[in-house]
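S.K.: Quick one: structure below, then a few questions.
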Amino acid sequence: MTEYSDLSSKIISFTEVSSSVFSDTVIDYLLENAQHRMMREIDLPVFRRTDTGALTASSPFVALPVNCLIIRSFFYLDGSSNNVFLLPKERSFCIEYGKKRATTGTPKYYARYDEDKLYLAPTPSSALSFELSYTVKPNAIDSDTLLSSSSTSSWLSTNCKDVLFNGCMVEAYAYLKGPADMIQLWEQKYQQSLQGLSIEQQGRTRRDEYRHGELRTPIRAVKP
C-alpha cells in the first residue's frame, strides 16, 4: 500500500463515507489544500531550493525558476570568488536607484519585478555568477513536495503523517459541510500536531548542543 492510498483509506474510514464520495479527484483536492496550508504556516527545508546562473550584462532582469514562491537570498561572486549578498528592496526603490537602465555598475539591491523575474539595481555591467535561494510551493515538478494520486509519496507523508492527516480531516469535514464540532475537533488536533512539527523543524533542528547546550526541562526546586 502506498502512502497516498493509506492516507486515502484513513480519511474514508474516519469520516465514515464511501470511496464514491471521496474519489481520487476529491482526495487530491483535499491534499492540495492541506499541503499548501502547511507550507504557508511552517518553514520546512523540504520546500527550499537553490538555483545558480550568470547575470546578463546590461540587463537588470534575472529570470526566476518555475514554482519560485519566496526569495530567501541572492548573492553573486565577485572577482575574488567572494559571496556578495544583495539587499532586498521595493521595486520602485530599485527602479529609482538605477535611474537609467542603460547605466551599468555592480548590483547592490534586488526586488521582485513580477512573478517571473527579479530587478537588479544598478544594472550589472558584467555576467557575474550568482546563486539564488528560494522556497517553492507543493507542486508536481518537485515531486517530493506534493502527495497526490500521481505522486504517491512525499516528504510530508513520510515524516509528518499526523499533521498532514489532521489537515486533510479539516478539509474533509469542510467538504462534507460539517458538523461544525467535528471541524473544530480536527482543527485543534491539526494545530497541536503543527506546533510539535514547528518545535522540531524550526527549533530543535536549527540548534546544536555545542552552541546552545542540551535541551533541559526546568525542575522546580522544593524548599526543605
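S.K.: Looking at (1) open to solvent by 60 Å² or more (accessible area, probe 1.4 Å); (2) in a loop (DSSP other than H, G, I, E, B), can you tell me which one TYR29 breaks?
M.R.: (2)
Rundown of residues vs (1) assigned to a helix (DSSP H, G or I); (2) not charged (D, E, K, R), yes/no style:
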site	(1), (2)
GLY167	yes, yes
GLU171	yes, no
LYS177	no, no
GLU187	yes, no
LEU194	yes, yes
LEU197	yes, yes
ARG211	yes, no
GLU214	no, no
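S.K.: Same structure, new question: Among the residues of region 69-77, is any at pLDDT below 95, open to solvent by less than 90 Å² (accessible area, probe 1.4 Å), outside any strand (DSSP E or B) and touching a strand residue (DSSP E or B) at 6+ places or on another chain (Cβ under 9 Å)?
M.R.: Checked against the condition, which is being at pLDDT below 95, open to solvent by less than 90 Å² (accessible area, probe 1.4 Å), outside any strand (DSSP E or B) and touching a strand residue (DSSP E or B) at 6+ places or on another chain (Cβ under 9 Å), region 69-77 yields no hits at all.
S.K.: Moving on to the next point. Restricting to region 199-209, what's the tally of residues that are in a loop (DSSP other than H, G, I, E, B) and more than 18 Å from the chain's Cα centre (by Cα)?
M.R.: Here the count works out to 2.
S.K.: Report every pair of residues separated by at least 6 positions or lying on different chains whose Cβ atoms are under 6 Å apart, first residue within region 2-13 and of a type in the set (Gly, Ala, Ser), second in a helix (DSSP H, G or I).
M.R.: Going by the 6 Å Cβ cut-off, the qualifying pairs are SER8/ILE27.
S.K.: Further question: Please determine, by comparing only the residues of region 78-134 that are part of a strand (DSSP E or B) and among the β-branched types (Val, Ile, Thr), which one is least open to solvent (accessible area, probe 1.4 Å).
M.R.: Residue satisfying both the conditions and the ranking: THR123.
S.K.: Checking VAL17 against (1) out of contact with any Lys or Arg (no Cβ under 8 Å at 6 or more places or on another chain); (2) touching a residue at least 12 places away in the same chain (Cβ under 8 Å); (3) surrounded by 15 or more Cβ atoms within 10 Å (Cβ to Cβ); (4) not charged (D, E, K, R), which single condition isn't satisfied?
M.R.: (3)
The values are calculated or read from the model by the stated rules, or taken from the named source; none is laboratory data. For clarity, every value in this text was computed on a predicted model and none was experimentally measured. Cβ atoms come from the backbone with ideal geometry, glycine included; neighbour counts cover every protein chain shown. Keep in mind that these areas ignore ligands, DNA and RNA; they rest on the heavy atoms of the full protein, side chains included. Shrake-Rupley method; radii C 1.70, N 1.55, O 1.52, S 1.80 Å.
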